[in-house]
Amino acid sequence: RRADLLDPHGTPRTSPTIGVRSFMHPIDNLEDRCARSLNLVPYFDGRYIRNPDDWETAIYPALHSFLTQEAKSVDRISLVLDAHSSLAFCAGSILNVKSGKRVEIEQRSNGRRFWSADDGASDPAWPKLAFNDIPLHQSRKEIAIAIGLTHDITAQVVAFASTHLPDVGKIIVAQPETGPSQFSVCGGRHAWQMSETVTQRLRDAVGSHVHIFMAGPNVFSFFLGQHQKAFGPATLYEWDFDGLRGGGYNRSLTVGL
C-alpha cells in the first residue's frame, strides 16, 4: 500500500502503467515509474507549443497511435498524464466509453494515487455542479463552456469568447455548488459523475459545436473526453499561465470533426 501497488480494493495491480508527457515535472521523472511512455516535450517550449499546427498534425496522431497500441492487448490501463488538459481530454476521447477499457489516472493531491470511475462508493455530500448561462448572440449556434473546478475562469472565458469566437451564442458556466477549490473533486468516481453531469448539460444545450475551457484535474478532463461523442465536435483551449504569449487563452485541438 505504501508503494501504491494495490488497487483501491486491496488487490495487486496487474495493469501496465504508461505515461504521456508534454512538459517536464521538476522533481518527478515519469519514465521512472512507467513501463512505456510518450514524450511530446520536444513540441513545446516549456508549456507553450512551438508550432500551433503541431497540435493536430503531429501531437494528436502520436497520442492516438501510442494509446491505441498500448490498449490492444489489455483491458485495464494505469495512465500517468504529465500533460496539458487538452491532451488529457484527447486521451479520453481515444480510450472512450465504447473502448471497453478500464482506465485509472494518476492524480497528484496529498501524494500520488490512481483515480478511476469506480474507485469508491458515491457520497451525497460531494459537491455537485451548478450551471449558469451567459448569453452572447441569440442567433449563433455554437456554445462555449467554462468549467471552473479549481478556480473561477468565467471572466477570462467571457473576454476571450466575446473577442475571438463570433459564432458562440452563449457561454455555459459550470462550477461546484460550494465554489471552485483545489479540493472540489473528491476522487475518481466524483470526477466521473461530474463529467457525466457536464455531458448531459451539453447534450441538452443542442449546440452545433462546443468550445471547452477547463480549470481542473486531468482526471476530470480525461473522463469528459471519454464522453466526447455524446456531445459532438469540441475545440479545446489552453491558458497562458505565465503571461508570456500575450495572456488569455490559445486554441489547441479540435476533436470529433
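The values are calculated or read from the model by the stated rules, or taken from the named source; none is laboratory data. Worth saying up front: this structure is predicted, and the values here are computed from it rather than measured. Glycine also receives a Cβ, built like all others from the backbone with ideal geometry; neighbour counts cover every protein chain displayed. Keep in mind that these areas ignore ligands, DNA and RNA; they rest on the heavy atoms of the full protein, side chains included. Shrake-Rupley method; radii C 1.70, N 1.55, O 1.52, S 1.80 Å.
Tabulated values for the structure
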item	result
Some residue of the range 130-141 being crowded, with 20+ Cβ neighbours inside 10 Å and either outside any strand (DSSP E or B) or not charged (D, E, K, R) (or both)	no
Complete set of residues in the range 72-96 that are assigned to a loop (DSSP other than H, G, I, E, B) and of a type in the set (Ser, Thr, Tyr)	SER73
Condition met for THR57 (modelled with pLDDT of 95 or more, closer than 23 Å to ARG33 by Cβ and either in contact with a helix residue (DSSP H, G or I) (Cβ under 6 Å, 6 or more places away or on another chain) or surrounded by fewer than 19 Cβ atoms within 10 Å (Cβ to Cβ) (or both))	no
Extreme residue, modelled with the lowest pLDDT, among residues of the range 202-220 that are in a helix (DSSP H, G or I) and more than 22 Å from ASP118 (Cα to Cα)	ALA205
Enumeration of residues in the range 47-71 that are in contact (Cβ under 8 Å) with a residue 12 or more places away in the chain, of a type outside the set (Ser, Thr, Tyr) and outside any helix (DSSP H, G or I)	ARG47, ILE49, PRO52
Single residue of the range 57-81 satisfying the filter (out of contact with any Ser or Thr (no Cβ under 7 Å at 6 or more places or on another chain) and charged (D, E, K, R)) that is farthest from TRP115 (Cα to Cα)	LYS72
Scan of the range 24-46 for residues that are under 26 Å from GLY247 (Cβ atoms) and either assigned to a helix (DSSP H, G or I) or in contact with a Cys (Cβ under 9 Å, 6 or more places away or on another chain) (or both), ordered by number	VAL41, PRO42, TYR43
So LEU30, is it modelled with pLDDT of 95 or more and open to solvent by less than 10 Å² (accessible area, probe 1.4 Å)	no
Verdict on VAL103 being touching a helix residue (DSSP H, G or I) at 6+ places or on another chain (Cβ under 8 Å), surrounded by 13 or more Cβ atoms within 10 Å (Cβ to Cβ) and farther than 21 Å from GLN228 by Cβ	no
Residue in the range 165-187 that is touching a Ser or Thr at 6+ places or on another chain (Cβ under 7 Å), in a loop (DSSP other than H, G, I, E, B) and touching a residue at least 60 places away in the same chain (Cβ under 8 Å) present	yes
Top-ranked residue of the range 142-184 - restricted to ones that are under 22 Å from the mean Cα position of the chain (by Cα) and acidic (Asp, Glu), ranked as most open to solvent (accessible area, probe 1.4 Å)	GLU177
